[in-house]
Structure formats: C-alpha cells, structure tokens
1. Could you grab me the full set of residues in region 173-189 that are within 11 Å of the chain's Cα centre (by Cα) and closer than 18 Å to residue 101 by Cβ?
2. Just to be sure, is residue 16 out of contact with any Cys (no Cβ under 7 Å at 6 or more places or on another chain), in contact (Cβ under 8 Å) with a residue 12 or more places away in the chain and closer than 17 Å to residue 178 by Cβ?
3. Residue 106 - would you say it is under 14 Å from the mean Cα position of the chain (by Cα), within 22 Å of residue 211 (Cβ to Cβ), buried (at least 20 other Cβ atoms within 10 Å of the Cβ) and without any contact (Cβ under 8 Å) to a residue 60 or more places away in the chain?
4. In region 132-149, which residue that is touching a Leu at 6+ places or on another chain (Cβ under 7 Å) and not polar (S, T, N, Q) is farthest from residue 79 (Cα to Cα)?
5. Please name all residue pairs, on different chains or six or more residues apart, with Cβ atoms under 8 Å, provided the first residue is in region 179-196 and is under 16 Å from residue 35 (Cβ atoms) and free of Cβ contacts under 8 Å to residues at least 12 places away in the same chain and the second residue is buried (at least 23 other Cβ atoms within 10 Å of the Cβ) and among the hydrophobic types (A, V, I, L, M, F, W, C).
6. Which residue out of 63, 55 is under 21 Å from residue 186 (Cα atoms), in contact (Cβ under 8 Å) with a residue 60 or more places away in the chain and in a loop (DSSP other than H, G, I, E, B)?
7. Looking at the structure I just gave you, is residue 108 modelled with pLDDT under 90 and either under 21 Å from residue 131 (Cα atoms) or touching a helix residue (DSSP H, G or I) at 6+ places or on another chain (Cβ under 7 Å) (or both)?
8. If a residue must be surrounded by fewer than 19 Cβ atoms within 10 Å (Cβ to Cβ) and at pLDDT 90 or above, how many such residues does region 123-142 contain?
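The values are calculated or read from the model by the stated rules, or taken from the named source; none is laboratory data. Keep in mind the model is a prediction, meaning the values are calculated, not measured. For neighbour counting, all protein chains shown are included, and Cβ atoms are generated from backbone atoms with ideal geometry for every residue, glycine included.
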Amino acid sequence: MGQAVVAQAQADPIAELDQLLPSQCYQMGTFEQEKSIPGLPTLLRSSGRFRFDCQRGVIWLQQKPVVDGFLFGQDDSYYSINAEGDLAALEARYQAAIGRIMLLLFSANQSDIQRRFDIEQVNAQPLTYELKPKQRRLKRAVQSIFLVQMAGEVGGEEGAEEGSVNTVEMSLVDTAGQTLRVVNRAELISKNSAAQSNQCVAYMGELAATSCARLDAVAP
C-alpha cells in the first residue's frame with residue numbers, strides 16, 4: 001500500500017500544488033518583498049497591499065518606502081501606478097511578463113500553469129514547488145519561480161467568507177540573476193466582485209482609487 005502511494009505521488013508531481021495557489025476568487029491582502037541585486041550588499045525591501053479579482057486582474061500597490069505599483073488586467077491591459085496614484089500604459093516587456101506570471105499564479109488555473117511551466121516539487125516540509133517557464137517570452141524574464149507554503153489564517157471580517165488561506169512565499173529569479181522574494185497574506189476575502197469593489201478604496205487607500213475603478217471596468 002505504501003509503495004502504491006509513493007508511486008502515485010511520483011506519477012503526479014503537482015498533486016499538492018493547489019495548496020500554494022489561491023482558493024478564493026476575490027481577495028485583498030498585504031505583501032512584503034525583498035529584492036537582491038548582484039553587486040549590492042543589502043536587500044531592497046518594500047511592502048504594500050494587493051487586490052485580486054480572478055475575473056478582472058490584480059492591483060499590486062507598493063506603499064513603503066515609496067508609492068508605486070502595477071495593475072495587470074485579465075484583458076491584457078497592463079499599467080504602472082505612480083506616487084500620485086495615476087496610471088500609465090506599461091510597455092516594458094519584463095514587467096508585462098511578470099504581469100502574465102502573476103495573473104497565472106493568482107488565477108490558480110492548473111492546466112494553464114502546466115502548459116507554461118515545468119513543475120517540480122522540491123520539498124515536502126515546508127511544501128515547495130519550483131516552476132521553470134517553457135515559453136520563450138517568459139524565459140526572457142524569469143529563470144525559476146519557487147512557491148513555499150507558510151502558515152496563515154484569515155476570515156471573520158464583515159463582508160468576508162469564513163475560512164483559512166495559506167500565506168505563500170514566492171521567490172522569482174530573473175535572467176539577470178536578481179531574486180525577488182514576496183510573501184503574500186490574504187486578509188479580506190469577498191463573496192463576489194461587487195462586494196470587493198465596494199471595499200477596494202477603503203482597504204487599499206485613496207491613492208488606489210483610480211486603479212480600483214480601472215480594474216472594475218475590466219469586463220469579466
């Protein structure tokens with residue numbers, strides 16, 4: 001029996017990947033990120049808040065030490081967010097590639113993820129997966145992505161669904177040797193897109209008003 005279980009796990013290397021992907025369609029939360037750049041002795045640290053709507057896209061708003069961010073729409077619209085909260089069309093290929101990756105991971109579509117990445121479970125405790133891009137345009141931006149499960153609970157807030165959500169650490173190694181380590185913590189899970197829309201500015205802050213409105217305008 002034990003051998004059969006082991007054989008099944010080996011035959012399905014992504015059996016537990018869904019534990020590291022969002023299980024809720026509408027969530028907002030916080031992130032902390034560290035960036036290591038070859039030649040720099042110290043890490044660049046920042047933090048902020050995100051909004052994810054599986055039908056519309058992601059707002060990724062850095063709030064410290066400076067305000068900036070991105071909006072990645074499911075309609076293939078990509079924007080940068082400046083310190084005043086204004087949006088500008090994003091044309092940089094690298095950031096567009098990162099946007100596609102974030103949407104893939106947040107959307108938790110395993111068939112899409114398998115089609116675009118080679119996936120390997122590299123650790124059981126803590127549960128860790130390595131994703132290597134298959135597509136040329138993603139390979140130009142990213143060498144590997146590591147997803148690591150961390151403990152975390154959420155729920156009980158007004159307008160939110162009860163439940164628990166994994167806190168996930170993502171480490172992205174780009175083709176220049178830079179490593180971006182991001183820890184996502186979902187704090188507010190909405191029941192539907194309309195409920196999330198009503199909470200967006202209150203949670204994300206006034207500087208996110210334009211981004212919240214733009215994401216709401218993306219057709220589901």
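1. Taking region 173-189 and keeping what is within 11 Å of the chain's Cα centre (by Cα), we get 182-186.
182, 183, 184 - these are the residues of region 173-189 that are within 11 Å of the chain's Cα centre (by Cα) and closer than 18 Å to residue 101 by Cβ.
2. Values: out of contact with any Cys (no Cβ under 7 Å at 6 or more places or on another chain): yes; in contact (Cβ under 8 Å) with a residue 12 or more places away in the chain: yes; closer than 17 Å to residue 178 by Cβ: no.
So residue 16 does not fit the description; no.
3. Details: under 14 Å from the mean Cα position of the chain (by Cα): yes; within 22 Å of residue 211 (Cβ to Cβ): yes; buried (at least 20 other Cβ atoms within 10 Å of the Cβ): yes; without any contact (Cβ under 8 Å) to a residue 60 or more places away in the chain: no.
So residue 106 does not fit the description; no.
4. The residue in question is 147.
5. none
6. On the way: 63 fails: in a loop (DSSP other than H, G, I, E, B).
The unique qualifying residue is 55.
7. Working: modelled with pLDDT under 90: yes; either under 21 Å from residue 131 (Cα atoms) or touching a helix residue (DSSP H, G or I) at 6+ places or on another chain (Cβ under 7 Å) (or both): yes.
Judged against the criteria, residue 108 is a match.
8. Qualifying residue count for the region: 4.
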